[in-house]
Amino acid sequence: MARLELHIEGPKGEISFLSFLSVMEEARLALLDLDRILTAKDRGAIEWKVIQLSMKSLGATIESAAEEPEWAPVADEIGRGFVAGLETIRAEDELPPIFSEVGLNHISKLASKLSRNGATGFSAVNLDSGQRSAVTRDTQQQLRRLRRGKYRTIGSVIGRLETIRLHKKHVFAVYDEFGQRAVSSSFTEDQFDQVKRCLGKRVLVSGIVVRNSHGQLVQVESPNIRQMPSEEDLPRTNDFVGAHPDFTGDLTTEEYIRKLRDG
């Protein structure tokens with residue numbers, strides 16, 4: 001079970017009802033995006049319930065309710081990832097792990113709603129860890145800069161293809177197993193069936209790799225997609241033990257190594 005405090009900052013009595021609702025909705029959609037990435041379920045598996053409202057600082061305390069008991073640890077990861085991700089943007093000036101392009105869009109939209117209708121800021125607190133962070137109007141410009149491609153090289157990314165978005169343009173997201181964050185890529189209508197078959201699978205996406213000024217991978221252009229074995233299907237060290245029992249001939253392993261060493 002995860003608990004978060006979400007607050008909208010601003011002078012008392014000046015924050016419009018519309019601002020309150022719209023800011024909270026963008027926060028909800030960002031949480032949902034993390035849910036979809038971590039559970040691979042299109043509708044998510046975690047429901048958030050309001051357990052307390054605050055009038056001193058306009059906000060709400062929300063608590064996770066997992067669809068199935070097995071998803072409870074994921075709810076904790078979502079709560080931690082949400083607040084930690086905002087702090088990565090604010091304090092480290094880097095794109096956060098887990099968040100996809102969609103989630104970052106919602107944080108950017110949340111920031112755009114601040115400094116209007118009485119709202120001046122947004123803060124989030126993970127009540128379980130005590131970690132806190134904030135979003136300001138400047139966060140929108142910060143994200144725009146961090147998501148801008150600066151370096152382009154030929155390369156690839158390996159990870160699980162997690163989301164497909166067809167609104168306006170065709171985009172899929174791969175959760176990079178090395179960079180630990182979602183990387184987006186546009187695809188053509190001709191690639192739709194292949195992308196759909198790879199949904200939830202481990203893939204290698206090669207093409208023009210785009211990185212930001214920090215060297216973080218943000219996009220793969222002109223993607224070529226190849227399905228890879230899942231981590232469970234990859235051979236383990238023990239699988240190689242005894243694979244060639246006659247490799248050392250009549251010598252023991254110790255004698256064979258000594259022979260190699262002594263020439």
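Can you name the residue in segment 120-149 that is in a strand (DSSP E or B) and among the hydroxyl-bearing types (Ser, Thr, Tyr) and is also nearest to Val220 (Cα to Cα) among such residues?
Residues of segment 120-149 in a strand (DSSP E or B): 121-126, 132-135.
Within this subset, residues satisfying the condition of being among the hydroxyl-bearing types (Ser, Thr, Tyr) are 123, 133.
Working: Ser123: 32, Ser133: 30 Å.
Taking the candidates together, the pick is Ser133.
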Report summary line: Arg148 passes all but one of the listed conditions (1) in contact (Cβ under 8 Å) with a residue 60 or more places away in the chain; (2) farther than 20 Å from Ala182 by Cα; (3) of a type in the set (Lys, Arg); the exception is number (2)
Report summary line: Looking across segment 4-39 at residues that are surrounded by fewer than 19 Cβ atoms within 10 Å (Cβ to Cβ) and assigned to a strand (DSSP E or B), the single one that is nearest to the chain's Cα centre (by Cα) is Glu5
Query raised in the report: Just a yes or no: is a residue in segment 174-185 among the polar types (S, T, N, Q), within 25 Å of Gly81 (Cβ to Cβ) and at pLDDT 90 or above?
Result: yes
Requested in this report: Considering (1) surrounded by fewer than 20 Cβ atoms within 10 Å (Cβ to Cβ); (2) modelled with pLDDT of 90 or more, say which one Pro69 fails and leave the rest.
Outcome: (2)
Report summary line: Scanning segment 164-202 residue by residue, the ones that are in contact with a Gly (Cβ under 7 Å, 6 or more places away or on another chain), part of a loop (DSSP other than H, G, I, E, B) and surrounded by 13 or more Cβ atoms within 10 Å (Cβ to Cβ) total 0
**Report entry** Pair list, Cβ under 8 Å, 6 or more apart: segment 76-95 residue part of a helix (DSSP H, G or I), other residue crowded, with 18+ Cβ neighbours inside 10 Å and basic (Lys, Arg)
**Finding:** Gly79/Arg3
**Report entry** segment 64-84: number of residues that are closer than 19 Å to Ile8 by Cβ and out of contact with any Ser or Thr (no Cβ under 8 Å at 6 or more places or on another chain)
**Finding:** 1
Requested in this report: Of the numbered conditions (1) assigned to a strand (DSSP E or B); (2) free of Cβ contacts under 8 Å to residues at least 12 places away in the same chain, Pro73 fails exactly one; give the number of that condition.
Outcome: (1)
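The values are calculated or read from the model by the stated rules, or taken from the named source; none is laboratory data. Note that this is a predicted model, so its numbers are computed, not measured. FYI the Cβ positions are ideal-geometry reconstructions off the backbone, even for glycines, and counts take in every protein chain you see.
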